[in-house]
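Q: My questions all concern the structure below.
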Amino acid sequence: MTDCIFCKIIRGELGAEFVHQDEDIVAFRDIQPQAPTHVLVVSRKHIPTIMDCELPENMELLNKMLAVCRMIAKREMIHEKGFRLVINTGVEGGQLVKHLHIHLLGGREMGWPPG
Ligand code: AMP
């Protein structure tokens, strides 16, 4: 059992607006959306960061996470205009929740460089 916020959401102890669930991955809307579409695509397995995601054994999981991003982008109708996928990693990467996740952001024009 872990205190991780995303583990609590996955176990159903904290509410979230799920947009996808399968045996390896869940996706839910970010509680503080930074764009009209802001979905978090999250591994069910508690992996703190992408640097803890050893290869090749997690290759299939990473592929599936990207496939889920593509599927949700299409469903949210942001696939044609474009969107952004972000994996914040570690302190300088701005990672607040230490549980592997991909931000799917879309529905507005994104700036570059990111903050
Ligand atoms: P990161 O900085 O990449 O670790 O992003 C963590 C994200 O999780 C932030 O965008 C938060 O707004 C989001 N978040 C934190 N708690 C919750 C929650 N209970 N439900 C949905 N999103 C959350």
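Q: What ³J(HN,Hα) values, in whole Hz, does the Karplus curve 6.51 cos²θ - 1.76 cosθ + 1.60 give for the stretch 4-18 when θ = phi - 60°, with x put for Gly and Pro?
A: The phi angles translate into 4, 4, 5, 5, 5, 5, 5, 7, x, 7, 10, x, 6, 8, 6 Hz.
Q: Further, regarding this structure: Within 10 Å, count the other beta carbons around each residue, average over each peptide in 102-113, 68-79, 37-48, and list them highest first.
A: Averaged packing, sorted descending, gives the order 37-48, 68-79, 102-113.
Q: What is the helix-to-structure angle for 59-75, meaning the angle in degrees between its Cα long axis and the longest Cα principal axis of the chain, kept from 0 to 90 and rounded to the nearest 10?
A: Between helix and principal axis, roughly 40 degrees.
Q: Give the span of the chain's Cα atoms along each principal axis, as three whole-Å numbers ordered largest to smallest.
A: Projected onto its principal axes, the Cα set of the chain covers 39, 29, 28 Å.
Q: I would also like to ask the following. Rounded, prolate or oblate: which fits the stretch 31-94, taking a ≥ b ≥ c as square roots of the Cα gyration tensor eigenvalues, rounded meaning a/c under 1.5, else prolate when a/b beats b/c?
A: Oblate.
Q: Ok, one more. How many lysine pairs are close in the chain, with Cα atoms under 17 Å apart and the two 8 or more places apart or on different chains?
A: 5
Q: Starting from the Cα of Thr49, step 7 Å along the direction of its Cβ; do the same at Asn63; then give the gap between the two resulting points in nm.
A: So the label points at Thr49 and Asn63 sit 2.7 nm apart.
Q: Can you give me the long-range amide H partners of Ile25? Hydrogens built in the peptide plane at 1.01 Å from N, cutoff under 5 Å, separation of 5 or more residues or another chain.
A: Arg44
Q: Note down the Stokes-Einstein diffusion coefficient of the stretch 64-105 in µm²/s, whole number, using a Kirkwood radius over alpha carbon pairs, 37 °C, and 0.692 mPa s.
A: D, rounded to a whole number, is 293 µm²/s.
Every read-out reported here was derived from the displayed coordinates using simple, explicitly stated rules and does not represent laboratory data. Fair warning: this is a prediction, and the values are worked out from it, not measured in the lab. Note that each Cβ is placed from the backbone with ideal geometry, even for glycine, and that neighbours are counted across all protein chains shown.
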